[in-house]
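The values are calculated or read from the model by the stated rules, or taken from the named source; none is laboratory data. It should be emphasised that the depicted structure is a prediction, and the values quoted were computed from it without experimental measurement. Cβ placement follows ideal geometry from the backbone for every residue including glycine, while neighbour counts extend to all protein chains displayed. With ligands, DNA and RNA removed, areas are computed over all heavy atoms of the protein, side chains included. Shrake-Rupley method; radii C 1.70, N 1.55, O 1.52, S 1.80 Å.
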Protein chains: 2
Amino acid sequence: MEPLPFLRALTPCDRCAVRKTSLCSRVNVDLQRDLARLSHHRTYRLGETVLAEMEATSFVGIVVSGVLRMQKSLEDGRQQLVGLLFRSDFFGRVFGGLSDYAIEAASDVILCCYERRAFERLTERFPELEHQLMLNTLDELDAARDWMLLLGCQTMPERVASFLLMLCRRGEPDEWVSGANLSIHLPISRRDMASYLGTTGESISRVIHEMSRRGIIKIRNAQDFEILNKRQLVRMSGRDDLSIRPAIAAQSSRSPYERLAAANGLPRSTGFH
Amino acid sequence: MEPLPFLRALTPCDRCAVRKTSLCSRVNVDLQRDLARLSHHRTYRLGETVLAEMEATSFVGIVVSGVLRMQKSLEDGRQQLVGLLFRSDFFGRVFGGLSDYAIEAASDVILCCYERRAFERLTERFPELEHQLMLNTLDELDAARDWMLLLGCQTMPERVASFLLMLCRRGEPDEWVSGANLSIHLPISRRDMASYLGTTGESISRVIHEMSRRGIIKIRNAQDFEILNKRQLVRMSGRDDLSIRPAIAAQSSRSPYERLAAANGLPRSTGFH
DNA sequence: TGTCGTCTTTGTTCTGGATCAAATTGAAAT
DNA sequence: ATTTCAATTTGATCCAGAACAAAGACGACA
């Protein structure tokens with residue numbers, strides 16, 4: 001039950017763009033007020049570092065607009081993008097301090113931030129805040145493992161298709177119509193996309209143009225596409241339709257091992273077919 | 001075996017093999033008693049499925065002995081191992097029910113289990129239990145992202161070296177002496193190891209024998225090795241020594257981007273050098 | 001409008017590992 | 001011990017995609 005407006009001070013949060021979907025709105029009003037009091041906005045330009053690798057995390061928060069990338073690097077310069085954060089996503093390593101990946105602005109971004117220690121103290125007073133964080137962390141863990149499957153055993157066409165479908169689900173919702181044709185806006189550079197998919201910009205370019213040649217997508221420009229044949233894109237991704245996860249999945253009667261046995265002697269595949 | 005009636009106050013947990021290191025012992029005594037009351041043991045043979053992919057998670061728990069593997073599979077039979085669970089590790093998907101990976105016994109295992117819903121109700125009554133789960137989940141998330149780096153941009157020799165070092169840290173502690181020579185027991189098959197590293201059994205075999213040829217390890221038999229030159233193994237892994245994470249890392253003065261620039265024009269590498 | 005610098009595309013070559021194949025080891029069952 | 005069957009090793013070939021190279025495309029700025 002929402003209290004009448006004149007009974008409490010209006011916080012900036014009441015008009016926040018990500019109010020309806022972010023973690024901070026899924027807790028009770030008292031806690032929301034405390035969070036509002038603690039919050040402050042920060043803005044970063046494309047490419048700026050929000051939190052460096054192995055730096056003590058001084059603040060955490062929510063993405064209000066733009067895209068953050070989480071990335072790890074090896075001494076010799078190789079990099080791996082380990083996650084993208086879109087509007088209303090929570091960022092920052094709580095409980096433990098040291099983040100073992102860098103958080104950088106993949107576009108111009110606005111962030112709603114909380115001083116980390118203060119935020120953690122709040123979770124102690126309000127278990128429901130920690131619970132929301134927990135649900136969030138579990139989702140991220142599922143997503144990370146899903147990406148391990150992609151990096152560990154999928155081909156480039158499968159990876160690119162999966163990535164495009166992921167953008168459909170997670171990208172700016174006002175950017176796509178839910179009709180037959182879906183528009184996709186790439187919020188990141190080819191280099192970032194390549195790093196996320198464990199490949200190179202050149203390979204991505206080739207796959208995307210091959211998709212276009214086959215009429216699966218239409219290339220408007222280097223970062224805007226239109227999905228012409230979603231069914232085929234899903235098929236190319238080598239997954240069940242990622243956007244449709246039934247609440248209760250049908251139980252498969254065959255174990256993974258039996259399925260593996262059934263797949264013995266599969267012909268080689270180019271990924272396109 | 002059933003405890004004698006007059007010993008009921010003493011829980012089986014008091015003599016549990018993983019008592020000192022597992023999540024359930026890091027909470028207060030009241031909660032420990034409730035947990036003990038809820039717990040029951042289950043045993044599985046090598047290869048048996050504990051929880052199938054996309055099956056509703058009916059129970060969660062702790063590994064008492066043996067190794068569990070978490071793995072995902074694609075329709076055509078390709079598989080990716082997304083994690084290994086050793087003694088005292090927590091397993092099972094809480095809050096959400098559907099696990100999107102299978103949990104299988106990678107060896108004979110003994111598990112200490114809690115009915116999932118009952119366990120979740122306990123976290124509502126005891127926030128500190130949820131907090132311990134949270135810390136655990138965050139660690140797993142860090143580990144998953146670390147593995148994404150490995151799968152996304154490391155060579156086979158690097159992956160195998162990283163894996164062996166990981167076993168040093170997480171494998172059975174009584175299996176290795178902390179002297180100059182370290183013994184490693186592979187608790188899983190080549191197939192599992194290959195799946196974890198995103199490669200094939202053949203490639204693993206070649207890398208391991210090349211390591212042996214170079215005097216980095218000694219092969220006692222197919223699943224028992226001895227590390228003869230840990231420094232070189234660490235170097236081969238392409239990482240900082242994974243087993244020594246300083247509480248506060250030295251802050252790197254160079255950003256990943258600068259380092260990338262510095263690494264331009266690197267010569268190709270076989271991984272061995 | 002041109003010029004610079006960056007990002008992307010397209011073309012070519014090369015190689016790390018996958019795949020295919022066969023031999024070897026090893027453990028369980030008879 | 002001997003047969004079976006599976007797991008591992010070793011050998012030979014092949015190819016998806018990396019690396020290298022060079023040519024557009026595009027935006028920023030004067």
What number comes out for the charge environment of A:Leu81, summing +1 per Lys or Arg and -1 per Asp or Glu over other residues with Cβ under 13 Å away?
-> +4
Near the amide H of B:Ala106, under 5 Å away, which other amide H atoms are found, from residues 5 or more places off or on another chain, if H is placed in the peptide plane?
-> B:Gly47, B:Val67, B:Leu68, B:Arg69
Taking only protein heavy atoms and a 1.4 Å probe, what accessible area per residue, in Å², does segment A:22-107 have with all protein chains in place?
-> 33
How far apart, in nm, are the 7 Å Cα→Cβ label points at A:Glu128 and A:Thr21?
-> 2.3
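Roughly how big is segment B:154-242's charge dipole about its Cα centre, with Cβ charges of +1 (Lys, Arg) and -1 (Asp, Glu), in debye to the nearest 20?
Charge dipole, segment B:154-242, about its Cα centre: 280 debye, nearest 20.
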Of B:Leu46, B:Leu122, which has the most accessible area and how do the rest follow, probe 1.4 Å?
-> B:Leu46, B:Leu122
In whole Hz, with x marking every Gly and Pro, tabulate ³J(HN,Hα) for segment A:115-125 from phi via Karplus 6.51 cos²θ - 1.76 cosθ + 1.60, θ = phi - 60°.
-> 4, 4, 4, 5, 5, 5, 4, 5, 5, 6, 6
How much length is gained on full extension from A:Asn136 to A:Asp224, taking 0.36 nm per residue of separation minus their Cα-Cα distance?
-> 28.7 nm
Value of relative contact order over segment A:155-242, rounded to a whole percent, pairs C-alpha under 8 Å and six or more apart = 37
Per-residue accessible area for A:Phe225 at 1.4 Å probe radius, Å² rounded to 10?
-> 0
When all alpha-carbon pairs of segment B:9-150 are counted, what percent fall beyond 18 Å?
-> 56
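Expressed as cubic angstrom per residue, what is the convex hull volume of the alpha carbon set of segment B:57-138?
In segment B:57-138, the Cα convex hull volume per residue is 95 Å³.
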Using alpha carbon coordinates only, what is the Rg to Rh ratio of segment B:70-229, with Rh defined as the Kirkwood radius?
-> 1.01
Debye log10 I(q)/I(0) at q = 0.18, 0.24 Å⁻¹ for segment A:155-242, Cα point scatterers = -0.71, -1.38
Once the whole set of protein chains is in place, how much accessible area is left on A:His40, using a 1.4 Å probe, in Å² to the nearest 10?
-> 70
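Grab the other residues whose beta carbon is less than 13 angstrom from that of B:Phe91, score K and R as +1, D and E as -1, and report the net.
Once positives and negatives cancel, what remains is +2.
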Inter-label distance for B:Glu202 and B:Ser183, nm, one decimal - labels placed 7 Å from Cα along Cα-to-Cβ = 3.4
Ranking by accessible area, most exposed first, for B:Ile110, B:Ile216 with a 1.4 Å probe = B:Ile110, B:Ile216
In Å, descending, principal axis extents of the Cα set of segment A:98-149 | 37, 27, 20
Using just the C-alpha positions of segment B:80-124 as equal point scatterers, what log10 of I(q)/I(0) does the Debye formula give at each q in 0.17, 0.30 1/Å?
-> -0.59, -1.30
Ignoring everything but the protein chains, give the 1.4 Å probe accessible area of A:His131 in square angstrom, nearest 10.
-> 50
